[in-house]
1. For Phe280, Phe342, which order do you get if you count the other beta carbons within 10 Å of each Cβ and list the fewest first?
2. Rg and Dmax of the stretch 189-283, using alpha carbons, in Å: what are they?
3. If amide hydrogens are placed 1.01 Å from N in the peptide plane, which non-local residues have theirs closer than 5 Å to the one on Lys98?
4. Sequence gap at least 6, Cα distance under 8 Å: using those rules, report the relative contact order of the stretch 103-184 to the nearest whole percent.
5. Based on Cα coordinates alone, diagonalise the gyration tensor for the stretch 573-760, multiply each eigenvalue by 5, take square roots, and list the semi-axes in whole Å, largest first.
6. Could you estimate the translational diffusion coefficient of the stretch 85-140 from the Stokes-Einstein equation, with Rh from the Kirkwood formula over C-alpha pairs, at 37 °C and 0.692 mPa s, in whole µm²/s?
7. Compute the normalised compactness of the stretch 408-516: alpha-carbon radius of gyration over 2.2 N^0.38 Å, N being the residue count.
8. Sorted from largest to smallest, which semi-axis lengths in Å does the alpha carbon gyration tensor of the stretch 49-320 give for its equivalent ellipsoid, taking the root of 5 times each eigenvalue?
Amino acid sequence: MRMSKNKSRKRLPFYGLLAILIFLFGIVIGLTPLQAPDKDKAKPSEVSFESTWGFLENIAQKPHPVGSDEHERVKNDLIQTIEEMGLDVEVQDTIVHKPEFERATRVQNILTKMEGADSSGTVMLAAHYDSTFVSPGASDDGYGVAALLETARILKDKSLKNDVIMLITDGEELGLLGAHAFVNEHPWAKDVNVVLNFEARGINGATVMFETSGGNGALIKEFQKATSSPASNSFLKEVYDVMPNGTDLTEFVGSGMQGLNFASAQSFNSYHTTIDSLAFVDKNTLMHHATYAYELATHFGNIDLKKFDHQSEKNAVYFNPFAQTFVSYSENLVIPLLIVTFIGLMATVIHGIRRKLVSVLGALIGFLLFLVSLAFAYSISLFAFKLVTFFAEDVSWLLEFDQHIASIYLIGFLLITAAVLILFIYVVQKKIGAFQVVTGALIGWYLLASVSSFLMTGASYLFVWPLIFSLIGTNLVFWKDKTFSTENNVLLYSAFLVPGIVLFTFLVFSMYIALTITVIHIVMTVAAFSLMLFVPVFARLKGSWKYAIALLLLGISIVTYQTIAVEATSEHPIGNQVYYMADGDLEKAIWGIESKPDSFTKQFVADESQFDDHPLPSFTYGEMYTADAPYYDTNLPQSEFISDVTKDGWRTITLEIAAPNAIAIELGTNSDISINELSINGEELQLDEKHYSKENPYFIELFGLSKGFTMSFTIKEGESLDFYLIGKTFELPEEHSYTERPANMTTHGDYNMVLKSFRY
């Protein structure tokens, strides 16, 4: 017996709500790969949380940048820990100079090697032990180092087939310097077949495998076999490949190694700040790091590594739609899948035309509406975010860096975007029909699938698989009924949208985590891709405009309330930075801040009227609010003359340079000069140029050398060596009495800099 049309329409809102629940179910499933597995629910493993935590506690007590006393303590503790395991330790101690970073640094890499029983090659696990200047480095990279130590603790009693190297690098935060030294100077580097690098950009969430070497087909197959809790997709690799960022893996891959890169990325507000500390450690994330390291070391330690002697020509396409599920296939299948999808799209359009539900003109109009909807999502979210930043200027740090605070905004913006699209489609589909809108969206999806398949193959799965399922759902509805006016068809169509919802949920939240909410307009545009397959269904509901208004008001309320109520706390602090700049030649000093004075920085700079781009002639650090400061010479650099030898028209001046209380020394020339050779402790530095001027000076930062080093300059006979040194630390002068930052404030590092000029 057929239900009457009126009765069906009355019941439609209930089934529409079920469709919404299906949509929400897809979102929940899509979020699962972003969460680290619960360590208390994990299967029994040899990986011990207590042991891993103990390693981390020793590493992350205080900031330990290169050149600091704490860095020396951490290095010695790591050496002792590995030796107590019964393993031999080697320290690679060298000076590394990378002209592109304008830095020269003493790095001390820590290495140990476990010989295989019947080795076919070498797998190397890597993480760095140096931190930034103010961060204790609990996650970056305490997680990685603790994971390596825990893996070494277990493997020392096992007999793997292959050799395993544990490389704990130094100087990563200064430009990947330890990794650079290893690949260019260490004899073990040529033996490495596969490298597994562990990093962090945030203190919690899943540890994601976000980067691979090129031609990763074989690597991905083994990764899939090895790990029990994979979190990865090839879209992340495509994005990271075009970003300017780098990790130690950049150096390893650049030298010809094949490898995988792992990192946690959530709670970005911890990255390189004071709250990357033991107090904020996510224990599940720490265990995810350690479990990855052990499982992968064991797996690669027992397989034939000769297959990695030659890089595969093909990449894999891979993703995990939900937790502990991983799908991969060769990029050779990308174009065949695109062809199948095209056939499916054409068949769907023809099916719709035969059912008199779609016309060619209507589908084209639907496609234009799809583009207009994306433009709406972009424009509205951009405008709304500008309003938010205008009214919440004082807490802009939280908007940019604090994921928890930004997540609430993300929810509000998603509701606003969905509501606007529903209202828009509710109006227009009355004139052209829901199926025209859906078909237009399907065409838009196919175009994006085509672009990604040819230009960004690792991202193609995001468009192809949701499109395939949507085409199946649309055709079933075409076949079963002519409209969305029956409740069963609403549920049927919604069910086939779940794969797209799942994949795009991961995509939207991954983009938001990686790029921060400052690009919310881009994130909302991406979200609109998925919404435009669901919205026409929702817009067919009786009174759907009322639901849309409710969603709009709810979204506006969330954004408004958050803007009014948001405030910094100890768990969600705002950041600031203070500069102390002292000229030892003039014995004059100033304070500088880059943002308007707040409750902490106003004790140094209270007057907003002093805003200058050259606060001291000898310092060029950009525009700042400034105020006079007492002169302290604690970081005053020293230069002691050793020798001056002239030969064949060149003058070689050798000096002993130091700034005993500083962590780093900056050196720059003050006048026209021709430098033929330059060396530190007898090691020659690479020079990109030979001739320098006041406008284009020679400049270099020196880390790990401030206790004292010899530096030789070979310049033209008759020229003077005129240069300055700046002794740097990254905390305010101890001699100065000031009120410490409150618990709701953090920093990426203050600057304490004292300059002195020299002429020989």
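Every number in this text was worked out from the coordinates using simple rules, so none of it is lab data. These figures come from a predicted structure and were not determined experimentally. For neighbour counting, all protein chains shown are included, and Cβ atoms are generated from backbone atoms with ideal geometry for every residue, glycine included.
1. Numbers: Phe280 18, Phe342 13.
Arranged by neighbour count, lowest to highest, Phe280, Phe342 become Phe342, Phe280.
2. Rg, Dmax (Cα atoms, Å): 14.2, 40.
3. Arg103
4. Details: 126 pairs, mean separation 39.7, N = 82.
The value is 48 percent.
5. Values: eigenvalues 248, 55, 37 Å².
Over the Cα atoms of the stretch 573-760, the semi-axes work out to 35, 17, 14 Å.
6. Details: Rh = 14.5 Å.
For the chosen part, D equals 227 µm²/s.
7. Working: Rg = 15.4 Å, N = 109, 2.2 N^0.38 = 13.1 Å.
Taking the Cα Rg and dividing by 2.2 N^0.38 Å, one obtains 1.18.
8. With the √(5λ) rule applied to the stretch 49-320, the semi-axes are 25, 21, 20 Å.
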